[in-house]
Every structure is written in C-alpha cells, then in structure tokens.
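Written below as structure tokens is the structure these notes are about.
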Ligand code: NAD
Ligand code: UDP
C-alpha cells in the first residue's frame, strides 16, 4: 500500500537517504527542510520522481499536511553546527517536536523521533543499554543538543501516554557515509577530506576517546524497521554499530585506505567530549531483527569514493 510519508530534515545526510529508500519502497514522500545544514544536491536526483515533494519550512512553526507517517529528523547533528545557534537547536528539538507531535495527533499519523546516543552524555555505563539514564552536563556547550533531544523524547512519551499517539524513538549512534556535508565537522568526513587533500588530520585530544561507527545504509534499514514494527513497541531503541574504535585508530585506518601522506596533528579536546561510546543493540536485535552488516573498511571505502568526486579527485 502506498503511504504518504513526511520526512523532516529530508535534505540532510540521513534524511536524503531515507527519502530515497521510502520512494524506492513505493511510497509518496514529503520532504520538509529549512536548509540550515541540508543540501539541495542531496535530493536533486529525487526531483523528477512524481511522488516526491519538497517544502522549505522550519519545523519550529506549525505545519499542516495530510500524511500517514512522520519521520522527525530535522536538527543539525554536528557539534559545530548545533553549537553555532544553540537556542535554535533547542527550539528545533522542543518546539519542532511539539509541532510534529501536534500534526501527528491531528492526522492520526505514526511518528518517529531521530534521537541520539548523546542522551547518554559522557556515559559511565559501557556499552550503553536503553535502560541507562545517562550522564549529561545540562549547562555545557553540548547541552542544547543533548537536553533538546532528551526533552523531545519526554514529549514523545507524554503524547503517547496522554494522547495515545503511535510513537517510535530511535537512539542513533555515530553514522557516516556519502552525502555528509563537506564542512560538516564530524570526524569521519573531516578525516576523509583531510586525507584526500593531504592536509593534517586533526585529532581532538589524544585520540583515545572511542566511537562506534555505523554505515548509513544499515541505519536507514533500522529506522524503517522501527517505523514498521508493531504499535506496542515504542522504543527507545539503540541503532548503531557495535564495533568500537578510538579516534586515533580511525585516523590511521583512513590514512591507510586513502593511501594519504597526511600527518596527524593533535588539537585541544572540545569541552564535554564523551570519552567512550558503544551501543548495546540487544533490543534492536530482539524486537526489530536488526543488526548492521557493513564493516568499517567497507563503509569507509564507499565514503572515500564519494568524497573523491566531491573534492574533485
Ligand atoms: P544533517 O545536519 O545532515 O541533517 C539535518 C537536517 O535537518 C538538515 O537538512 C537541516 O537543514 C534540517 N533542519 C535543521 N533544523 C531544521 C528546522 N528547524 N526545520 C526544518 N529542517 C531543519 O544531520 P543528520 O546526520 O542527517 O541527522 C539527522 C537526524 O538524525 C538529526 O535529528 C540528528 O540529531 C539525528 N542523529 C544523527 C546522527 C548521525 O550520526 N548522523 C547520530 C545521532 C542522531
Ligand atoms: N574529532 C576529532 N577531529 C575532528 C572531528 C572530531 O578528533 O576533526 C573527535 C571529536 O572530538 C569526538 C569524535 O571525534 O571525540 C567524534 O566527533 P563527532 O563530531 O564526529 O561526533 P560526536 O562527538 O557527536 O560523537
């Protein structure tokens, strides 16, 4: 059955992949984006599809569209972008979620939130299960994002309890792949571009902090499986790859895969940078029958191929 699906943040990195997959699945997609970090180029290949529609709109303001499902992805995800205008970041998570939940209530749509592993802050439990309440500094430079998403989760669960909305909450761990913005600032895109250009690879801190990197195709599978899961499964559910690497190991791997002559340059560590991060995905395996299938080398090679075209190599 062809569904009408709204994707907020649909011109962004994850959103554009999601729009493409939903269209390929035979659905009608309305992409809403204010192009804060999103790119028209990400969705240009979809423009010819008669079932694809783009609306320039900021979700901090109400929106009226008739849809069956809403994927709420709108929000800058890279620290440099979400810290550039922190008040707008919180507004996007909080006012934006209220507006999208209000829309879902009015049109009786199912609604999914793209939440984040950042709700765990600098975690004291490792790996992180969904039952862990997190260790977030509510006053620091990352708080606009972390607390914004935590409040968005609260709103989703209050609408579920108070208004019986059909909700789904995904906690997404670091995801990478083609269509990340060149100036995105996140570690994978930064390192790949620096390596391709022969520039210094900028490691913040000593590089011993860890992250677990999920390739975009796997993540999109997880989001769609979550949306299509039985109504009594709301999440929150972790979606991410369990293979954990230090930032230093990531830099070495990217230098090797690109054959780059770049050198490593150590820079000061950003405030409140989480020391470690690895998802416990037992719940996603059990409830969604989901686990990632693309390993780091395979995913990085696809990402490197993409960025070679972008930087003109
Ligand atoms: P992105 O910055 O590429 O995409 C975000 C999109 O939202 C952009 O197109 C941007 O223009 C749009 N946007 C921002 N504010 C908006 C607003 N007020 N109204 C309408 N559109 C707005 O980031 P991404 O990596 O694609 O992340 C998508 C979602 O997934 C975000 O909600 C992010 O928090 C979440 N997430 C991503 C990751 C990851 O590793 N990529 C990890 C955890 C969570
Ligand atoms: N990082 C780095 N060099 C960069 C960009 C990021 O060493 O050029 C580090 C950053 O300090 C963090 C990790 O890489 O420890 C992941 O950063 P990213 O911004 O990609 O995501 P997040 O911190 O939100 O997980």
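Could you go through region 148-171 and let me know if any residue there is within 16 Å of ligand 2 (Cβ to nearest atom), over 22 Å from residue 110 (Cβ atoms) and within 13 Å of the chain's Cα centre (by Cα). Checked region 148-171: no residue is within 16 Å of ligand 2 (Cβ to nearest atom), over 22 Å from residue 110 (Cβ atoms) and within 13 Å of the chain's Cα centre (by Cα). Within region 191-224, the set of residues being away from ligand 1 (no atom under 16 Å from the Cβ) and either crowded, with 18+ Cβ neighbours inside 10 Å or in a loop (DSSP other than H, G, I, E, B) (or both) comprises 194, 195, 196, 198, 199, 200, 201, 203, 205, 206, 207, 208.
Those strands (runs of 3 or more DSSP E) of region 1-63 in which at least 3 residues are within 18 Å of residue 223 (Cβ to Cβ), considering only elements entirely within it, cover 4-8, 28-33. The residues of region 74-102 that are away from ligand 2 (no atom under 16 Å from the Cβ), closer than 22 Å to residue 22 by Cα and not in a helix (DSSP H, G or I) amount to a single one, 74. Could you check, for region 159-182, whether at least one of its residues is buried (at least 20 other Cβ atoms within 10 Å of the Cβ), more than 13 Å from ligand 1 (Cβ to nearest atom) and in a helix (DSSP H, G or I)? Yes, the conditions are met somewhere in region 159-182. Selection of region 91-117 for residues being farther than 15 Å from residue 70 by Cα and either free of Cβ contacts under 8 Å to residues at least 60 places away in the same chain or over 19 Å from the mean Cα position of the chain (by Cα) (or both) yields 91, 92, 95, 116.
Residues are listed down the side, and each one gets a yes or a no for (1) in contact (Cβ under 8 Å) with a residue 40 or more places away in the chain; (2) surrounded by fewer than 24 Cβ atoms within 10 Å (Cβ to Cβ); (3) within 11 Å of ligand 1 (Cβ to nearest atom):
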{"residue": "6", "(1), (2), (3)": "yes, no, no"}
{"residue": "12", "(1), (2), (3)": "yes, no, yes"}
{"residue": "15", "(1), (2), (3)": "yes, no, yes"}
{"residue": "20", "(1), (2), (3)": "no, yes, no"}
{"residue": "23", "(1), (2), (3)": "no, yes, no"}
{"residue": "34", "(1), (2), (3)": "yes, yes, yes"}
{"residue": "41", "(1), (2), (3)": "no, yes, no"}
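Every test in (1) in contact (Cβ under 8 Å) with a residue 60 or more places away in the chain; (2) within 16 Å of ligand 2 (Cβ to nearest atom); (3) under 27 Å from residue 140 (Cα atoms) is passed by residue 248 save one, and that test is (1). The residue that is farthest from residue 144 (Cα to Cα), counting only those in region 103-123 that are within 16 Å of ligand 2 (Cβ to nearest atom) and not in a helix (DSSP H, G or I), is 123.
When residue 126 is tested against the conditions (1) within 16 Å of ligand 2 (Cβ to nearest atom); (2) under 18 Å from residue 223 (Cα atoms), the lone failure is (2).
Looking at region 255-263, is at least one residue assigned to a loop (DSSP other than H, G, I, E, B) and either within 11 Å of ligand 2 (Cβ to nearest atom) or surrounded by 14 or more Cβ atoms within 10 Å (Cβ to Cβ) (or both)? Yes: one or more hits.
Only the coordinates and a few stated rules stand behind these numbers; no lab work does. None of these values were measured; they are calculated from a predicted model. Please note: Cβ atoms are built from the backbone with ideal geometry, for glycine as well, and neighbour counts cover all protein chains shown.
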